[in-house]
Amino acid sequence: MTASRHLCALLVLVFATSFAFGHQPPVKVEADRPLVQIAILLDTSSSMSGLINQARSQLWTVVKEFARAKQGGQTPRLQVALYEYGHSNLSAADGYIRQVLPLTDDLDRVSEQLFALSTHGGEEYCGHAIQSATKGLAWSESPKVYKAIFIAGNEPFSQGTVDYKQSCRDAIARGIIVNTIHCGTEAEGHSTGWQDGAKLADGQALNIDQNRAIVAIAAPQDEEIVRLSMQLNQTYIAYGPAGAASQIRQKQQDALATAAPETGSDVQRSISKAQSLYSNASWDLVDATKEKSIKLEDIEAKDLPEGMRQMTPQQRKAHVEEQARKRGEIQKQINDLGARREKYVAEKRREEANDGADTLDAAMLKAVREQLTKKQFEVAEK
């Protein structure tokens, strides 16, 4: 697929379970760690199956892109929220809108919920969806945090009883940018309010063909990158009540990404797993001790994997450190291969770019980078 379509799909993902709406308390930003917060709002009415497929396949491309950003020399934490709107089986009283996931750094859960989405007819109320995400998520109050809503759909932006203009103004008043992605032509997006919505909230208005199949450029490094990703899984040490289920989820998302190799999602996921944005501190001892979210000595034996229960405290510490060392080595190998792959793919894209298709790609990258730059982020060039 051309780079412009690739980036369109990427940005679709950068928008937006079973959690109720309701206001969440503001997030307290870690003093030593920058933060990026993104809400993805996807139209799940009956004509949007192609949009969801693009979102599923491009999640890991999005993660990889944000891993390039740094604020004060540090890679940010990434939190993603997911909403669906326009599905006729959703509550009419709630505007046919559902918060699928609140802001979370559990990227495997985001992937899982994207694959669980389905489509069915309905009413698409963009203003109401934006209002729900603005009021219903735990947005940081720090002016340094990059906060953005990405909403994708194909019906007029003005539908519903909630005024989209007021919703967009309310969002940007809280420092939340609204980027719109209209599934159709630019002219249609302009005439149906999608460009106006983005303009009101300092965002960018983009257009995609949601039914265009994603076909990635294959590279010589792909097979080894995916193999190393599977090897990476062996370094995770599940702990606590959610550990076993989360480790299973990790493997399931690997399998789903691998099931459609033509989209390149297996490679993108593998590369993303080697980035610091892919953190599983809530269930993995290596990440948890690295981020100092737990103390190994405080964990009861029953909450450890069976093989660690009979170890002494010193042996447990040595085991976690050894897995951390192995993980670091594998991640370095993946990143080295990923850098070589990127050069190969860039050259292939230059060879294929004979119709000016890359112009939109460059424009969209510039738009997102400009938004990040306003928050004192630096984004490394590819």
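The values are calculated or read from the model by the stated rules, or taken from the named source; none is laboratory data. Just so you know, these numbers come straight off a predicted model, no measurement behind them. FYI the Cβ positions are ideal-geometry reconstructions off the backbone, even for glycines, and counts take in every protein chain you see. Ligands, DNA and RNA are excluded from the accessible area calculation, which covers all protein heavy atoms including side chains. Shrake-Rupley method; radii C 1.70, N 1.55, O 1.52, S 1.80 Å.
Placing +1 on the Cβ of every Lys and Arg and -1 on the Cβ of every Asp and Glu, with no other charges, gives the chain a dipole of roughly 1020 debye about its Cα centre. Straight-distance candidates among the aspartates and glutamates for linking to LYS135, with alpha-carbon spacing under 20 Å and chain neighbours fewer than 8 residues away dropped: ASP43, GLU84, ASP94, ASP105, GLU124, ASP163, ASP170, ASP202.
Ordering of 338-350, 303-315, 194-206 by packing is 194-206, 338-350, 303-315, highest average first (other Cβ atoms within 10 Å, averaged per residue).
First measure r as the distance between the Cβ atoms of GLN231 and ILE299, then evaluate 1/(1 + (r/R0)^6) with R0 = 30 Å and state the FRET efficiency to the nearest 0.05.
Given R0 = 30 Å and the Cβ-Cβ separation, E is 0.70.
Taking a sphere under 13 Å around the Cβ of GLY127 and counting the other residues whose Cβ falls inside, with K and R at +1 and D and E at -1, yields a net charge of -3.
Where a Cα-Cα gap under 24 Å defines reach, which lysines qualify for LYS251, not counting those fewer than 8 residues away within the same chain? List returned: LYS64, LYS273, LYS290, LYS302, LYS326, LYS332. Distance distribution note for the chain: the fraction of Cα pairs above 35 angstrom is 24%.
A convex hull fitted around the alpha carbon atoms of region 174-272 yields 168 Å³ per residue.
Projected label points at ARG350 and ALA187, each 7 Å from Cα along the beta carbon direction, are separated by 3.6 nanometres. Element breakdown for the chain at a 1.4 angstrom probe: carbon and sulfur atoms account for 50% of the accessible area.
With all pairs of different C-alpha atoms in the average, the Kirkwood value for the hydrodynamic radius of region 252-292 is 11.3 Å.
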